[in-house]
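Colleague: Structure below; questions to follow.
The values are calculated or read from the model by the stated rules, or taken from the named source; none is laboratory data. These figures come from a predicted structure and were not determined experimentally. All Cβ positions, glycine included, derive from the backbone under ideal geometry; neighbour counts span all protein chains shown. For accessibility, only protein heavy atoms count, side chains too; no ligands or nucleic acids. Shrake-Rupley method; radii C 1.70, N 1.55, O 1.52, S 1.80 Å.
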Amino acid sequence: MENQAQLIALFNKYLLNECSLEEVKELMQYFNSDQRELLEEMVTSEFEKLTLEEVDLPALPKRVFDGIKFRIEAVKTRKLWPRIRIVAAASIAFAVMVGGYFYYNSSNINDHKEIVYQNDIAPGKEGATLTLANGQKILINNTLAGNIATQAGVKISKTANGEIIYEVTADENKNLTYNTLTTTRGEQTRVRLPDGTIVFLNSTSVLKYPTSFGKERKVELTGEAYFEVAHNKAKPFKVMSKGQEVEVLGTHFNINNYTDEVDTRTTLLEGSVRLNGNTILKPGEQAILSKTGKILVEQVAVDDVIAWTNGKFIFDSESIESIMRKLSRWYNIEVVYEGEVKDKQFAGSISRKDSISKILDKITFTQAAHFKIEGRRVTVIP
């Protein structure tokens, strides 16, 4: 790198995720990894007021710099940074470094082991199976946009972008009939229920609901879904899921109750919800329901929780096992382990549109694990 101005320009380009692979390599090789004391001094000083141009970029440790990009992408997703400051990034990256997060290894960028694979695996796509009250099954991804079915005074249609829409065309049916929407591995979908509530359904999930709502609005969920509930003060909206009942009037929230996860997590974005009749959530809070029935409420980054609805994976302090469970649902893969993987926590923001090799390649830089892809089986190797 000839001068500081060029370095700054390239660094800015890197933060905006506009660098080519060669430019990233050039930037990574410019930083050395033996100046941790300087980093600690920066984090604990008054550098928050400095702009990017005022910071001695060449002094930043390479390993810390490598970790900045992933954390900044996560923060940018939350729309909290109208202006990126290098020391704010460095502070986060310092936590990344000392906490064992998702950063590239401090060795040369070309030193990591390549993924061994016979084939690559494409990401999932829009799709689901709709089971009507009479047992008829409709593969949503195989149907054209337009009317899908009509039953009990309700018209079911599909939009050009794959959304399923229920429209009541006659008086509400006194005898409730139910439909079931199911996504397999590698599928996700969106449905607009008869009351106007919109539900995003993640992979390997099941949503059961009436074709028209009677005295109450009640649905059943297994898996994960994000709800934008239409307001109706006279009819609370209830979601029945593993061990809990969530009741709302009109709000935005996410429920994750996959059977292969330890806890059921309910996260509130707007409005308020009541869990099991007594626990009230406020926006920004997540209720964690354990198998014993105990509920823990904590503050979370809600945009991270619903990142999947915006085409992203955002990992925050997650183990390889947790990450691989998410990848297995979206990429329709079988995950096996050869030996015990290292106890590390990872953080990062990655597109759900990437092939799986791109995601696994980033993890291999940490030297925490390596991978082998054979067909739809991914082997995790310590």
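Colleague: In this structure, does Thr184 turn out to be touching a strand residue (DSSP E or B) at 6+ places or on another chain (Cβ under 8 Å), open to solvent by 60 Å² or more (accessible area, probe 1.4 Å) and more than 22 Å from Thr309 (Cβ to Cβ)?
Modeller: On the way: touching a strand residue (DSSP E or B) at 6+ places or on another chain (Cβ under 8 Å): yes; open to solvent by 60 Å² or more (accessible area, probe 1.4 Å): yes; more than 22 Å from Thr309 (Cβ to Cβ): no.
Judged against the criteria, Thr184 is not a match.
Colleague: Of all the residues that make up the range 245-257, how many are open to solvent by 10 Å² or more (accessible area, probe 1.4 Å) and either farther than 13 Å from Gln286 by Cα or among the small types (Gly, Ala, Ser) (or both)?
Modeller: Going through the range 245-257, the residues open to solvent by 10 Å² or more (accessible area, probe 1.4 Å) turn out to be 245, 247, 249-250, 252, 256.
The next check asks that each one be either farther than 13 Å from Gln286 by Cα or among the small types (Gly, Ala, Ser) (or both); those that pass are 245, 247, 249-250.
Within the range 245-257, residues that are open to solvent by 10 Å² or more (accessible area, probe 1.4 Å) and either farther than 13 Å from Gln286 by Cα or among the small types (Gly, Ala, Ser) (or both) number 4.
Colleague: Collect the residues in the range 273-285 that are among the β-branched types (Val, Ile, Thr) and buried (at least 21 other Cβ atoms within 10 Å of the Cβ), keeping them in residue-number order.
Modeller: So in the range 273-285, the residues among the β-branched types (Val, Ile, Thr) come out as 273, 279-280.
Of everything in the range 273-285, just one residue is among the β-branched types (Val, Ile, Thr) and buried (at least 21 other Cβ atoms within 10 Å of the Cβ), namely Val273.
Colleague: Can you tell me which residues in the range 273-290 are part of a loop (DSSP other than H, G, I, E, B) and within 19 Å of His231 (Cβ to Cβ)? First the steps, then the outcome.
Modeller: Keep residues of the range 273-290 that are part of a loop (DSSP other than H, G, I, E, B), which gives 276-278, 282-284, 290.
If the condition is that a residue be part of a loop (DSSP other than H, G, I, E, B) and within 19 Å of His231 (Cβ to Cβ), then Lys282, Pro283 are the ones that fit.
Colleague: Which one is modelled with the lowest pLDDT, of the residues in the range 110-132 that are surrounded by 16 or more Cβ atoms within 10 Å (Cβ to Cβ) and in a loop (DSSP other than H, G, I, E, B)?
Modeller: Step one: list which residues in the range 110-132 are surrounded by 16 or more Cβ atoms within 10 Å (Cβ to Cβ), which gives 112, 115, 117, 121, 123-124, 127-132.
Remaining after also requiring in a loop (DSSP other than H, G, I, E, B): 112, 115, 121, 123-124, 127-128, 132.
Details: His112: 46, Ile115: 64, Ile121: 94, Pro123: 95, Gly124: 95, Gly127: 93, Ala128: 95, Leu132: 93.
Step by step, filter the range 110-132, then rank; the result is His112.
Colleague: Go through (1) in contact with a strand residue (DSSP E or B) (Cβ under 6 Å, 6 or more places away or on another chain); (2) modelled with pLDDT of 95 or more for Tyr258 and report which single condition fails.
Modeller: Of the numbered conditions (1) in contact with a strand residue (DSSP E or B) (Cβ under 6 Å, 6 or more places away or on another chain); (2) modelled with pLDDT of 95 or more, the odd one out for Tyr258 is (1).
Colleague: A further question on this structure: Within the range 258-272, restricting attention to residues that are β-branched (Val, Ile, Thr) and not in a strand (DSSP E or B), which residue is surrounded by the most Cβ atoms within 10 Å (Cβ to Cβ)? Reasoning before the result, please.
Modeller: We begin by selecting, within the range 258-272, every residue β-branched (Val, Ile, Thr); these are 259, 262, 264, 266-267.
Now drop any that are not not in a strand (DSSP E or B), which leaves 259, 262.
Working: Thr259: 8, Val262: 10.
So, considering only residues that are β-branched (Val, Ile, Thr) and not in a strand (DSSP E or B), the one surrounded by the most Cβ atoms within 10 Å (Cβ to Cβ) is Val262.
Colleague: When the residues of the range 202-235 are filtered to those that are in a loop (DSSP other than H, G, I, E, B) and of a type in the set (S, T, N, Q), which remaining residue is nearest to Ala133 (Cα to Cα)? Reasoning before the result, please.
Modeller: Start the filter on the range 202-235 by keeping residues that are in a loop (DSSP other than H, G, I, E, B), which leaves 202-204, 211-216, 223, 229-235.
Filter once more, so that each one left must be of a type in the set (S, T, N, Q): 202-204, 211-212, 232.
Numbers: Asn202: 22, Ser203: 22, Thr204: 21, Thr211: 9, Ser212: 12, Asn232: 25 Å.
Looking at residues that are in a loop (DSSP other than H, G, I, E, B) and of a type in the set (S, T, N, Q), I get Thr211.
Colleague: Restricting to the range 134-190, name every residue that is of a type in the set (Val, Ile, Thr) and assigned to a strand (DSSP E or B). So that I can check it myself, show each step before the final result.
Modeller: Step one: filter the range 134-190 for residues of a type in the set (Val, Ile, Thr), giving 138, 140, 143, 148, 150, 154, 156, 159, 164-165, 168-169, 177, 180, 182-184, 189.
Across the range 134-190, the qualifying residues are Ile138, Ile148, Thr150, Val154, Ile156, Ile164, Ile165, Val168, Thr180, Thr182, Thr183, Thr189.
Colleague: On to the next question. Identify the residue in the range 286-324 that is buried (at least 19 other Cβ atoms within 10 Å of the Cβ) and acidic (Asp, Glu) and, among all such residues, is farthest from the chain's Cα centre (by Cα).
Modeller: Out of the qualifying residues, it is Glu318.
Colleague: If you don't mind, another one. Tell me yes or no: at least one residue of the range 199-214 is charged (D, E, K, R) and crowded, with 20+ Cβ neighbours inside 10 Å.
Modeller: First, pick out the residues of the range 199-214 that are charged (D, E, K, R): 208.
Now drop any that are not crowded, with 20+ Cβ neighbours inside 10 Å, which leaves none.
Checked the range 199-214: no residue is charged (D, E, K, R) and crowded, with 20+ Cβ neighbours inside 10 Å.
Colleague: Need the failing condition index for Val199 against (1) at pLDDT 90 or above; (2) in a loop (DSSP other than H, G, I, E, B), just the number.
Modeller: Condition not satisfied by Val199: (2).
Colleague: Within the range 236-255, can you find the residues that are at pLDDT 90 or above and in a loop (DSSP other than H, G, I, E, B)? Explain how you work it out, then say what you get.
Modeller: As a first pass, look at the range 236-255 and keep what is at pLDDT 90 or above: 236-241, 244-248, 251-255.
Pro236, Thr251 - these are the residues of the range 236-255 that are at pLDDT 90 or above and in a loop (DSSP other than H, G, I, E, B).
Colleague: Working carefully through the options Ile165, Ile138, find the one that is over 26 Å from Phe253 (Cα atoms) and open to solvent by less than 40 Å² (accessible area, probe 1.4 Å). Can you show your working first?
Modeller: Working: Ile165 fails: over 26 Å from Phe253 (Cα atoms).
Just one listed residue meets the conditions, Ile138.
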